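The values are calculated or read from the model by the stated rules, or taken from the named source; none is laboratory data. Just so it is clear, the model here is predicted, and its values are computed rather than measured. Note that each Cβ is placed from the backbone with ideal geometry, even for glycine, and that neighbours are counted across all protein chains shown.
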Amino acid sequence: MASDAADRTNTIGFIGLGAMGNHMFNNLVNRSTAKVDSSAKYALFDVNDAAVESVIQRHQKDNPAVSLHKCSSPYDVAQKASTIITMVPTGRHVEDVYLGDSSVIRALETLDEQQRSSTLCLEQSTIEQSISRSVALKLRETGADLLDAPVSGGVIGARDGTLAIMVGGNRRSFERAVPYLQPMARNVTYCGDLGAGLAAKISNK
């Protein structure tokens with residue numbers, strides 16, 4: 001059990017490997033700072049199996065030492081990873097990922113208190129603030145935390161690692177999140193409490 005917990009601490013989950021997410025994940029792996037452990041493992045999920053397979057094949061070729069695991073659901077990702085990044089199309093998808101039948105919160109309910117409290121979710125989709133806040137508060141009830149961390153810069157910014165990332169939520173969680181966000185971005189900015197990242201993104205449109 002202890003080794004499983006240690007493994008989970010050292011694993012980063014990434015959910016949503018579409019046009020933006022696949023580039024963001026590539027930069028996370030390729031440009032991670034020393035603060036993201038070089039021995040980190042990655043647990044990947046997308047509703048499109050081909051998207052996951054494409055990412056895994058690319059990194060098996062370019063980064064054969066990197067440990068990548070294809071997961072069957074968001075539940076599976078959260079069982080394996082204490083840091084979870086999500087980049088999905090809409091608020092409905094965010095609710096499904098975090099609160100649905102095979103979701104992150106269902107996995108958290110099976111974990112011990114220490115594992116739940118060590119779980120940090122970085123929600124990078126551009127969605128309604130009300131949905132983001134509702135999901136974050138439900139996760140906090142389990143002991144986990146969620147930051148809204150939407151991005152600006154489009155597919156080219158995602159590819160080039162020059163996104164602007166605006167973050168809302170707990171300040172201490174933000175400081176923990178920066179090493180995971182910085183490889184994807186030119187700027188990572190703390191904007192305030194829950195929803196502040198999304199508010200900044202919307203005002204900058």
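Please enumerate the residues belonging to the range 11-28 that are within 17 Å of GLU53 (Cβ to Cβ), in contact with a Phe, Trp or Tyr (Cβ under 9 Å, 6 or more places away or on another chain) and not small (Gly, Ala, Ser).
PHE14, ILE15, LEU17, PHE25, listed by residue number.
So which residues in the range 153-178 are charged (D, E, K, R) and over 14 Å from ASN22 (Cβ atoms)?
The answer is ARG171, ARG172, GLU175, ARG176.
Which residue, of ARG159, ARG172, is over 25 Å from THR9 (Cβ atoms) and of a type in the set (Lys, Arg)?
None of the others qualify; the one that does is ARG159.
Checking the conditions here, which among MET166, MET184 is more than 14 Å from ILE85 (Cα to Cα) and surrounded by 23 or more Cβ atoms within 10 Å (Cβ to Cβ)?
Being more than 14 Å from ILE85 (Cα to Cα) and surrounded by 23 or more Cβ atoms within 10 Å (Cβ to Cβ) holds for just one of MET166, MET184, which is MET166.
On the given criteria, is THR119 buried (at least 18 other Cβ atoms within 10 Å of the Cβ), more than 13 Å from the chain's Cα centre (by Cα) and either β-branched (Val, Ile, Thr) or under 22 Å from PHE25 (Cβ atoms) (or both)?
no
Go through the range 150-204 residue by residue and tally those that are of a type in the set (D, E, K, R) and either closer than 14 Å to SER132 by Cβ or in contact with a strand residue (DSSP E or B) (Cβ under 8 Å, 6 or more places away or on another chain) (or both).
Qualifying residue count, the range 150-204: 5.
Take the residues of the range 50-64 that are surrounded by 11 or more Cβ atoms within 10 Å (Cβ to Cβ) and of a type in the set (D, E, K, R): which is farthest from ASN27 (Cα to Cα)?
For the range 50-64, the residue satisfying everything is GLU53.
Regarding ILE165, is this residue modelled with pLDDT of 95 or more and touching a Leu at 6+ places or on another chain (Cβ under 9 Å)?
yes
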